[in-house]
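> Sharing a structure here in structure tokens format.
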Amino acid sequence: MPNLNQSSTRPLKILKKPIVIIAILSLIGFADAAYLTASDYFSFAVPCSVTLGCETVLKSVYATIGPIPVALIGVFYYLTALIISISIITSTSSSYNNRAGKIILGIFSLGFLASGYFVYLQIFIIKSLCLYCLISALISLLLFISSVLLNKKRGVEAPLTQ
């Protein structure tokens, strides 16, 4: 009979599906943002066959915050999400996983709001759409939804729904 007081070295079985989805989406978002960042720093054109507005969006005044490309902020956003999600997957501590789950819920809430703002800018201000930016916005939405699902069983509400 197993000793229930003994700690296990196996990762906890915590809603593995949402956190694995978060890790995969974060990796895809990281690649998308890194590609756009590289296009900015190395000055190469981004092919945009579907929406035909990538260059317009990526060269707009809204593509940077001061000297920093918005895509570079996305790189750090997705990299942070990837690191936290991997740490949750491999952690054996439920208290750590609860704290980390709350942190990514907060991060993804901010990312969701920022993405909404950037989509608004593309549609109503710049009047051009960037396929890569829209993919990033979709990933941010899916990350937000996944983090809500991840935290739902823990009784944590999304900051946007409180």
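> Can you confirm whether region 51-67 contains a residue that is within 18 Å of Leu149 (Cβ to Cβ), aliphatic (A, V, I, L, M) and surrounded by 13 or more Cβ atoms within 10 Å (Cβ to Cβ)? Quick ask: steps written out before the conclusion?
First, pick out the residues of region 51-67 that are within 18 Å of Leu149 (Cβ to Cβ): none.
Checked region 51-67: no residue is within 18 Å of Leu149 (Cβ to Cβ), aliphatic (A, V, I, L, M) and surrounded by 13 or more Cβ atoms within 10 Å (Cβ to Cβ).
> Give region 74-90 a look and list any residue that's in contact (Cβ under 8 Å) with a residue 24 or more places away in the chain and hydrophobic (A, V, I, L, M, F, W, C), or say none.
Within region 74-90, Val75, Leu79, Ala81, Leu82, Ile86, Ile88, Ile89 meet the criteria.
> Which one of Lys59, Lys102 is at pLDDT 90 or above, touching a Lys or Arg at 6+ places or on another chain (Cβ under 9 Å), basic (Lys, Arg) and on the phi < 0 side of the Ramachandran plot?
On the way: Lys59 fails: touching a Lys or Arg at 6+ places or on another chain (Cβ under 9 Å).
Only one candidate qualifies: Lys102.
> Could you check, for region 101-120, whether at least one of its residues is within 19 Å of Ile22 (Cα to Cα) and basic (Lys, Arg)?
Within region 101-120, one or more residues are within 19 Å of Ile22 (Cα to Cα) and basic (Lys, Arg).
> Leu72 versus (1) surrounded by 13 or more Cβ atoms within 10 Å (Cβ to Cβ); (2) under 18 Å from Leu142 (Cβ atoms); (3) not acidic (Asp, Glu): which is the lone unmet condition?
Unmet condition: (2).
> What do you reckon, is Leu15 at positive phi and at pLDDT below 95?
Working: at positive phi: yes; at pLDDT below 95: yes.
Yes.
> Test each condition in (1) assigned to a helix (DSSP H, G or I); (2) aromatic (Phe, Trp, Tyr); (3) without any contact (Cβ under 8 Å) to a residue 60 or more places away in the chain for Tyr62 and report the one that comes out false.
If we test Tyr62 against (1) assigned to a helix (DSSP H, G or I); (2) aromatic (Phe, Trp, Tyr); (3) without any contact (Cβ under 8 Å) to a residue 60 or more places away in the chain, just (3) comes out false.
> Based on this model, can you work out whether Thr51 counts as among the polar types (S, T, N, Q), more than 17 Å from the chain's Cα centre (by Cα) and within 21 Å of Lys16 (Cβ to Cβ)?
Numbers: among the polar types (S, T, N, Q): yes; more than 17 Å from the chain's Cα centre (by Cα): yes; within 21 Å of Lys16 (Cβ to Cβ): no.
Criteria not met by Thr51.
> It is to be established whether one or more residues within region 84-91 are farther than 22 Å from Ile24 by Cβ and surrounded by 14 or more Cβ atoms within 10 Å (Cβ to Cβ).
We begin by selecting, within region 84-91, every residue farther than 22 Å from Ile24 by Cβ; these are none.
No, every residue in region 84-91 fails to be farther than 22 Å from Ile24 by Cβ and surrounded by 14 or more Cβ atoms within 10 Å (Cβ to Cβ).
> Here's another thing I want to ask about it. Taking only pairs six or more apart or across chains, which ones have beta-carbon atoms under 6 Å, a first residue in region 128-151 that is free of Cβ contacts under 8 Å to residues at least 24 places away in the same chain, and a second residue that is buried (at least 18 other Cβ atoms within 10 Å of the Cβ)?
Cβ pairs passing all conditions: Ala137/Ser115; Ala137/Val119.
The values are calculated or read from the model by the stated rules, or taken from the named source; none is laboratory data. Everything numeric here is computed off the predicted structure, so don't read it as measured data. All Cβ positions, even for glycine, are placed from backbone atoms using ideal geometry, and neighbour counts span all protein chains on display.
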